[in-house]
Each structure stands twice: as C-alpha cells, then as structure tokens.
Amino acid sequence: MMKTIQALVACSDLTGYARFAARKSEGEIFQLLSDYYELVGDVVEPARGKVIKFMGDAALILFPEDAADEGVRAMLALQSRGDRFWSDRGADCRHHLRIHFGPMGLGPLGTRSDKRADVLGSTVNTLFLLKASGFALTPEAFRKLAPETRKLFKKHTPPMFYIPTDQPHRD
C-alpha cells in the first residue's frame, strides 16, 4: 500500500563510469560495485538514509524529513568519499548529486512476486530533471537545512539551485 510522505530524495550518479567499466571484466565490475554499494550504505545509513535502489553506478536515496540536514551532509560526504573510492581504483569517475525535498508516494512496486520499496511523484521527477552537474540542491531542500549547513552552499542561477561554496559555477 502506498503512503504519501514528505522527504529528502537524492540521486547519485557517476561520470566516466561507462568508459571505466568497458575496460573491466564483468567479474571485476561486479566486485567493484558490490564494494561501492556497501560504501554508499556506510555513508547514508548513519544519517537515517535508505537506499531505495541502485541502478548500475547510480543510486536513489531517501532521507526522512527530520533528517534532511543529516542527509545533505551525508551526500556531501558521499561525493568526497565516493570520488576517492573510484580514484583509488584507477577510475576517472566523479559523483554528480542532485537533492530535492517534497511530497512523494512511497510503497511496494514490482512484479506480482517481487515487490520492493520505491518512490514516485513530481518530487522524484523534478529531481531527475535537474540540469546540474557536481552537487545540486534545490531551494526546497535548502530551506530544510540548519543555518550552519546552509553556509556550505551558494545560489547558482538559472535555474536556481545551491552548490557547495568550494565548487565553481558551471553552465
């Protein structure tokens, strides 16, 4: 049964992954992704995050409304630790992270015999339609942050979203 929730939703995706994976065997990629998925869990779970699903090198992650601040900080940590993870393995991969906040449907979706927790709705659609690279935080997500965490970000326009203060503006 689906329920409507207010939550922070994040998507992590890697640049350069396809080029890197093309030079590796399926066994090597399987093991690398297994280790990487564990790293993602190690970063987001202490911040009360839940990986909804992995899609190859991408991850869809959910944080409860009252953990939005922790969630954003966890995603900053994922960008740093994840980039280091891939670099240490000789991959020229960089994390692109998009984060949005709002209402969405949460519930089990799938085949008759294999249903898993998933999210859907306009908040999730907005997340995936953000035209941003690096780290992008929508105004709706920014407004959920504590004042100290907000200081880590600056406006980037158009369209408006927030990026870490140490990240250069990109078009």
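The values are calculated or read from the model by the stated rules, or taken from the named source; none is laboratory data. This structure is a prediction, so every number in the text was calculated from the model and none was measured. Here the Cβ positions follow ideal geometry from the backbone for every residue, glycine too, while neighbour counts run over all protein chains shown. Only protein heavy atoms, including side chains, enter the accessible area calculation; ligands, DNA and RNA are left aside. Shrake-Rupley method; radii C 1.70, N 1.55, O 1.52, S 1.80 Å.
The rows are residues; the columns are (1) of a type in the set (V, I, T); (2) in contact (Cβ under 8 Å) with a residue 40 or more places away in the chain; (3) closer than 22 Å to E38 by Cα; (4) out of contact with any helix residue (DSSP H, G or I) (no Cβ under 6 Å at 6 or more places or on another chain).
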position	(1), (2), (3), (4)
H96	no, yes, yes, yes
I99	yes, yes, yes, no
N125	no, no, no, yes
F142	no, no, no, yes
R150	no, no, no, yes
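Okay, residues lined up against (1) among the aromatic types (F, W, Y); (2) touching a Cys at 6+ places or on another chain (Cβ under 7 Å); (3) open to solvent by less than 20 Å² (accessible area, probe 1.4 Å); (4) under 22 Å from D83 (Cβ atoms):
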{"site": "K131", "(1), (2), (3), (4)": "no, no, no, yes"}
{"site": "G134", "(1), (2), (3), (4)": "no, no, yes, yes"}
{"site": "F142", "(1), (2), (3), (4)": "yes, no, no, no"}
{"site": "P147", "(1), (2), (3), (4)": "no, no, no, no"}
{"site": "R150", "(1), (2), (3), (4)": "no, no, no, no"}
{"site": "K154", "(1), (2), (3), (4)": "no, no, no, yes"}
{"site": "T157", "(1), (2), (3), (4)": "no, no, no, no"}
{"site": "H169", "(1), (2), (3), (4)": "no, no, no, yes"}
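For the subset of the stretch 101-119 comprising residues that are free of Cβ contacts under 8 Å to residues at least 60 places away in the same chain and of a type in the set (D, E, K, R), which member is most open to solvent (accessible area, probe 1.4 Å)? Per the criteria, the residue is R112. Of all residues in the stretch 120-129, those satisfying the criterion of being touching a strand residue (DSSP E or B) at 6+ places or on another chain (Cβ under 7 Å) and open to solvent by 80 Å² or more (accessible area, probe 1.4 Å) are L120, F128.
Within the stretch 60-77, the set of residues being among the hydrophobic types (A, V, I, L, M, F, W, C) and either within 13 Å of the chain's Cα centre (by Cα) or open to solvent by 40 Å² or more (accessible area, probe 1.4 Å) (or both) comprises L60, I61, L62, F63, A68, V72, A74, M75, L76, A77. Whether a residue is surrounded by 15 or more Cβ atoms within 10 Å (Cβ to Cβ) and at pLDDT 90 or above was assessed, and F161 does not pass this test.
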